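Below you'll find the structure, written out as structure tokens, and then a few comments.
The values are calculated or read from the model by the stated rules, or taken from the named source; none is laboratory data. Because the structure is predicted, anything quoted here is derived from the model rather than measured. Here the Cβ positions follow ideal geometry from the backbone for every residue, glycine too, while neighbour counts run over all protein chains shown. All accessible areas refer to the heavy atoms of the entire protein, side chains included, with ligands and DNA or RNA removed. Shrake-Rupley method; radii C 1.70, N 1.55, O 1.52, S 1.80 Å.
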Amino acid sequence: MVKTNALRLLEVAGITTEVTEYTVDESDLSGVHVAEVIGADPDTVFKTLVCRGDKNGINVFVIPVAAELDLKKCAAVSKNKKVEMIGVKEILGVTGYIRGGCSPVGMKKKYPTYMDETAVLFDGIYVSAGVRGMQMKVNPEELAAYVGAEFCDLTM
């Protein structure tokens, strides 16, 4: 197993992770598909979405893979009038990660981060370990504390 930057950072911080590797299906990078492949409840698998706010720039939102981001709620919690998803071509430059492998841990810069409030319903949630084909299960409260995330209602 390759140890990613996200895994190294959490290890140094003393945060326990459980790593699950899987074969990537380039034709279906959806989080719901990832949940199926790793045998996890989709409610426990979270995707990391990056948006740009009109007032404060880049913001990170971590939500369940089967859910849809509510941009109005995201704008309100991030103190913007509106937020928009960044383009796929921007993801690597902004975060250091590629689409399908974007982790809330270890981005190029520390961005304001918001995690869907449903994460606290579980002892552990899955998020990308920073590469396609690898998920890490981590306690949501420890993850939020590490990345400085605020728990909010973010989905439709």
* **the chain - percent of accessible surface contributed by carbon and sulfur, probe 1.4 Å** => 52
* Structure fact -> The number of Lys pairs in the chain whose alpha carbons lie under 19 Å apart, excluding pairs fewer than 8 residues apart on one chain, is 23
* Asked: So what is the accessible area of the chain per residue, in Å², with the probe set to 1.4 Å?
  -> 51
* Calculate the spin-label point distance for residue 76 paired with residue 5, positioning each point 7 Å from the Cα along the beta-carbon direction, and give it in nanometres. => 3.4
* Structure fact -> Counting only protein heavy atoms and leaving out ligands, DNA and RNA, the solvent-accessible surface of residue 52 at a 1.4 Å probe, in Å² to the nearest 10, equals 100
* Using Rg and Dmax of the Cα atoms in Å as the read-out, say which of (i) 20.1, 64; (ii) 14.3, 43; (iii) 18.8, 61 was calculated from these coordinates. => (ii)
* Asked: When the Cα centres of segment 3-18 and segment 39-116 are compared, how far apart do they sit, in Å?
  -> 20
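List the relative contact order of the chain as a percent without decimals, with contacts defined as Cα pairs under 8 Å and 6+ residues apart. Please list the in-between numbers first.
On the way: 310 pairs, mean separation 43.8, N = 156.
Once normalised by length, the contact order is 28 percent.
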* Would you mind calculating the gained length between residue 30 and residue 150 on full extension (0.36 nm times residue separation, minus the Cα-Cα distance), in nm to one decimal? => 40.7 nm
